[in-house]
Amino acid sequence: MGCTSCATGTNGQPKGCKNNGTCGTDGCNKLTVFDWLSNMSLPGNQEPFNAVEVRFKNGRKHFYQNPEKISLSIGDIVATEAESGHDIGIITLTGELVRVQMKKKKEPLAVEALPKIYRKASQRDIDVWQKVRDREADVQKQSREIAIRLGLQMKISDVEFQGDASKVIFYYTAEERVDFRQLIKDFARAFNTRIEMKQVGFRQEAARLGGIGSCGRELCCSTWLTDFRSVNTSAARFQQLSLNPQKLAGQCGKLKCCLNYELDTYLEALDEFPKSDVKLFTEKGAAVCQKSDIFKRMLWYAYEKEGMHWHPMDLEKVNEIIALNKKGKKVASLEEFVVEIEQKEEEIFSNVVGQDSLTRFDKPKGSRNTNRNKKRNKKRTPKKNA
């Protein structure tokens, strides 16, 4: 996620391109895309797809047509069509891969219906764009103060100016309906521009703001994840995770999206496992499942009268016993199918750096007492006259 200009310099210090999220190579930006078709030529008599993907602040992307057929490449700053005026964005994708991306996002492939790209941004456009982006932090702080003063139950998470400074978009989250009548009047009076309010969910808020997850990496939703699938607590149950909301919840306060990554593999493996309420009937008595390990393909059973004594068994043996029980047959006991688990002996202390004891510099108590007695005896004995 870093370009060559953002690599580390001497003594491990980061260089930094200092472009504040508008890196020309698009390597530092959120939801960046690698154009793997850039080195491939099109078949003869086929024109390139006349649409591009443009990225705005915090991963907001839209598709635009290129009616003037301007020579565009990834990283170019362009002026795009907006409801009123124009907006400034960065080209993130060109060519045939735009067609693939539009199909993936279920966008209509009618290029003529897309908004237009006016031109490549001039230096004046870039200066105005950078100037209004520098104002966004102060505007966000001031807007939060106005919302608190009005007593509105909402959180303004992000502010985005249009490229020509003609409009500002406020992204907020709220659990209930919010009355904006007085708020928009105060915003228009304070910022002297057109106001647009957009409500986003808690997952979308985390995707826009970004951050570091509990795994130590950047949030998936802000780097590569574009679609948000619903996550249920059953995903944690299937993976045998403890239902601890503090560990299962992400920065958005909802269940982590990564719970769905390995869920299909777990569900496929659990098809071979019997249900936890299935009992094993033996001549010694009925046994109940106490624990299962999906990776080791093992299950632990215990007799109903001996619940504290568990018997580890292979999945194949358990399925054999269940098949015999369905036929009306019983096995003698579970002890015949028990698997011996090798337990590794853990070393309590290992002499790694050649130290015999951590208290090798401490003096024993006996030597201290003898030294004290010698000092006391010297004080008690009178000095002999010369």
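The values are calculated or read from the model by the stated rules, or taken from the named source; none is laboratory data. Computed from a prediction, not measured in an experiment: that's the story for all the values here. Positions of Cβ are backbone-derived with ideal geometry, glycine not excepted, and every protein chain shown enters the neighbour counts. The area values use the complete protein model at the heavy-atom level, side chains included, leaving out ligands, DNA and RNA. Shrake-Rupley method; radii C 1.70, N 1.55, O 1.52, S 1.80 Å.
Values computed for the structure shown
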{"read-out": "Stretchable slack from E68 to T233, in nm (0.36 nm times residue separation minus alpha-carbon distance)", "value": "54.3 nm"}
{"read-out": "Among the listed pairs K275/K296; K296/K317; K291/K317; K57/K103, those beyond 21 Å (Cα-Cα)", "value": "K57/K103"}
{"read-out": "Heavy-atom accessible area ranking, 1.4 Å probe, most first, across R60, R149", "value": "R149, R60"}
{"read-out": "With DNA, RNA and ligands ignored, accessible area of D227 (1.4 Å probe; Å², nearest 10)", "value": "90 Å²"}
{"read-out": "Chymotrypsin sites (Phe, Trp or Tyr not before Pro) lying in DSSP loop within the range 194-272, provided at most 12 other Cβ fall within 10 Å", "value": "Y261"}
{"read-out": "Taking the range 203-293 and dividing mean pair separation by its residue count, relative contact order in percent (alpha carbons under 8 Å, at least six apart)", "value": "20 percent"}
{"read-out": "Residue-normalised accessible area of the range 232-316, expressed per residue, 1.4 Å probe, Å²", "value": "64 Å²"}
{"read-out": "Using a Förster distance of 51 Å, the FRET efficiency for E335-E218 (Cβ separation, nearest 0.05)", "value": "0.50"}
{"read-out": "Rough spin-label spacing in nm, given labels placed 7 Å along Cα→Cβ, for Q290 and V200", "value": "5.0 nm"}
{"read-out": "Largest to smallest accessible area among E336, E316, E175 [probe 1.4 Å]", "value": "E175, E336, E316"}
{"read-out": "Cross-link pairs beyond the 20 Å C-alpha cut-off, checked among K141/K198; K116/K198; K61/K116", "value": "K116/K198"}
{"read-out": "L255, L267, reordered so the largest accessible area comes first (probe 1.4 Å)", "value": "L267, L255"}
{"read-out": "Full-stretch length increase - N260, R189 - with 0.36 nm per residue and alpha-carbon distance subtracted", "value": "21.0 nm"}
{"read-out": "Full-stretch length increase - K103, Q123 - with 0.36 nm per residue and alpha-carbon distance subtracted", "value": "3.8 nm"}
